[in-house]
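The structure appears below as structure tokens.
Bear in mind that the values in this text are calculations on the coordinates, not laboratory data. Please read all numbers here as calculations on a predicted model, not as lab measurements. Note that each Cβ is placed from the backbone with ideal geometry, even for glycine, and that neighbours are counted across all protein chains shown.
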Amino acid sequence: MGWIDLRRMLGLSALLRLLLVCYGEWQDAHMEVRYTDVDYLVFSDAAAMVAAGRSPFERATYRYSPLLAYLLVPNSLLHPSWGKLLFSAADLLVGLFVDAILKLRGVPEDLRLWSVAAWLFNPFTFTIGTRGNCEPIVCAVILWIILCIMNGKVFQAAFWYGLIVHFRIYPIIYALPFVIVLSKQRIGPSRKPTLRQWNSRRDILYNNSSSASAKSSPGWNGLWAPLGSTVTWDTVMFGLFSGTLFFLLTIMFFYIYGWDFLNEALLYHLTRTDPRHNFSIYFYHVYLHHQQGFAVFEKFVSFLPQTMVQLALIFSFAGDLPFCLFVQTVAFVAFNKVMTAQYFVWFFCLLPLILPWSSMKVKWKGLICMFVWMASQIHWLMWAYILEFKGRNVFVQLWLASILFLVANTLVLLMLIRYHKYSPIFMPLARSGVANSRKLE
Amino acid sequence: MLSFIRDILWHLRDQKLMVFGLIFIVSSLIKVDSYNKISDHVGKSSQRLVGCWPFSEAYLTSSYFAQQKSLFDSDCHDYLAGEYSSGDFCKGMASEISLLQLSDLQRRLHGEGSHRHLISTLKFMNRSYIRSLLDSHDCKAVIIERLPIGVFADLFELQHLVHRKVFVDAAVFGDTNLELPSALSNRSIVEVHMNIGHENPLRGYETVLELPLHARYPPLDDSGYAEVQLGHPDLFLHCRSKEAQSEPCLWRLTEVNAGPAEAVMWRVPSGNDAHRGIVSSVTFVSALVCALSIVVSAITSRNKDVRRSR
């Protein structure tokens, strides 16, 4: 990729996003089908309410933190596209953070640029921000937290983590891996944790220092002992500070907006079950039971697979933080009771962080994975179209398509796990001194 | 074909999946059989003008809700009929308006699936008279749709149409929730204000209201479909003199012909109660199998790493 560097790539991406925002304005004004995401109109209405001194929750279906409405107040004061530019800027920031994280981990520039391009030029991601979806902000903050942890800035990481869990509940699933990985960091002479560097050799895992590092991650041979060792000054501070910030924000907004805030921005997301069709395998089950409710046993059974998978992935891969977060997010979305395409961006932003450690060749295994994932999704969309836009009763076919999509997600996940070269982000304590001395030499 | 593509894009607006949308459009160019046309019945009735009241409130329906204090327990039609059934208080305009008559009201559903348009065509008689009336007055038709539980109108979509000047004004009263299924919902009322249409040389004056409606998920039904029946709207005319600063007046339109008009029916796919056991079992088993395969893969992958490192 000698013809382009990061600055040019970001410039090109910014131009592309600007053009798409302008095009969106034109399409909204001239065509019946809007380019702008319907949620963006909700955010904008909520922001207009805030600008008028009212509650953002007066806008029906606004189910986000009031902070989002505050961020978009300039939509009413400056220009309606302010939010889209803000989200697109966050989108570019994700590209910048991907490069920074990979650079810290010693990935060569050429490979970094390919990884950044996998985010910036993914058609799914650049349409998300320009249509006015707020997820790029969440992605940017998650990546910034990873950067903070890698740089040993625990308080800053805790601040952003508390804030982002308030902003969007789902990153709560990252709490345990963050704590585990923080308990493994060892501060070097530069007052920063010593990071394990990327190695092009296929046997990256099995070099001199790998023995200690492999043992340093919890693994499954001794699950409970490492759990005890996670209680360190850093992890306690991280937990206390982020938790306090989360509860302070919750109390503050509860004080300002009352139960509307608690019900819409928090409880709705925790208890959401949608009987309308969505990618989740549970939608038809929920629809068939929505009239009489759910037994405790049914709730437990649907909760079990998600919990099992999350714990298994955390205790297996927490040391390799970006990979752990990625597989966790894919699994979380796949086993969630509600799944819409917007959720895919949650793991798309983490994908570039794991590519340099994958030994899977694009040709043909990589392409097959992409094909399986997309084909099963398009297959689902076909049945959804027939149900929703043709009015034909294809509930059973659509539900089976959801199961097929879950199987596709699982297969892709298994392939990624199989071909991933496990690489903890931190050097273990026993070797960090050696590594630092080598670095100094 | 264009409407087909438009429908897909509309759907993908919710799915936020433009890239796959493009792929889907290409793959979906094989025409899908149209199916639900038989469910779109046509309703037709004739009406006339009676009554006349000074009126300056923004919405007629708001007075109903102000008095009832409940969402929709009693019939709004009875209330409106009782409230605006007789009287003649707009002295200046009563004689002028008496000649204005509605020759025809046609109703039909346009589109397929869960997102359709309820099209109401109001045709007026006395073309020469209405022309002179509209020269001296600003008139608009007020259409009040009392929606059944199974369908709803999206207030924000209606506001978008008001913004685009398709409607003069629009409001939704009652259960405005856009997401709940029928079993957990209540009824709603839509009030739309539209300018009286322009003259069509062949058919006289007519006003066409295209009201976007959406189906809720219906209660379970063994037949696989639920039928939602859309009743007759309440129609009013609202006029204000262009010259004087006079108070606007409202006229109610009631039926001339005694014969009941055919209702508009909407067939909505519904879940089948008989599927409950098998769907729950297969759902949970498949979730468990997929979860276990990931758990096993994760554990073996890490244990393999640890073994190799020793």
Worksheet, complete the sentence: Averaged over residues of A:279-287, the number of beta carbons from other chains lying within 10 Å of each residue's Cβ is 5
Item to complete: Would you mind giving the mean number of other chain beta-carbons within 10 Å of the Cβ of each residue in A:330-340, as a whole number?
Response: 2
Item to complete: Quantify how strongly other chains surround peptide A:41-48 by giving the mean number of their Cβ atoms within 10 Å of each of its Cβ atoms.
Response: 1
Worksheet item: Taking one equal scatterer on every alpha-carbon of segment A:305-441, how large is log10 of I(q)/I(0) by Debye at q = 0.13, 0.18, 0.22 1/Å?
Response: -0.66, -1.06, -1.35
Response to the item:
Charge tally for neighbours of B:LEU213 with beta carbon under 9 Å away, counting Lys, Arg as +1 and Asp, Glu as -1, is -1
Fill in: Whole-number D in µm² s⁻¹ for chain A, Kirkwood Cα-pair radius fed into Stokes-Einstein, 25 °C, 0.890 mPa s
105
Discussion item. Only four residue types carry charge here, +1 at the Cβ of Lys and Arg and -1 at the Cβ of Asp and Glu. Report the dipole size of chain A about the Cα centre in Debye, rounded to the nearest 20.
Written reply: 1440
Practice prompt. Please turn the phi angles of segment A:6-18 into ³J(HN,Hα) values with the Karplus equation 6.51 cos²θ - 1.76 cosθ + 1.60 (θ = phi - 60°), one per residue in order, whole Hz, x for glycine and proline.
Written response: 4, 4, 5, 5, 5, x, 5, 5, 5, 4, 4, 5, 5
Fill in: Lone cysteines, chain A (no partner Cβ under 4.7 Å)
A:CYS22, A:CYS134, A:CYS148, A:CYS324, A:CYS369
Item to complete: Just order A:367-373, B:162-168 by mean Cβ neighbour count inside 10 Å, highest at the front, would you?
Response: A:367-373, B:162-168
Fill in: Exceeding the 22 Å Cα-Cα cut-off - candidates A:LYS103/A:LYS153; A:LYS421/B:LYS304; A:LYS184/A:LYS337
A:LYS184/A:LYS337
Item to complete: Given the peptides A:263-269, A:3-9, arrange them by the average over their residues of other C-beta atoms within 10 Å, most packed first.
Response: A:263-269, A:3-9
Worksheet item: Which whole-number percent is the relative contact order of chain A (Cα, under 8 Å, 6+ apart)?
Response: 19
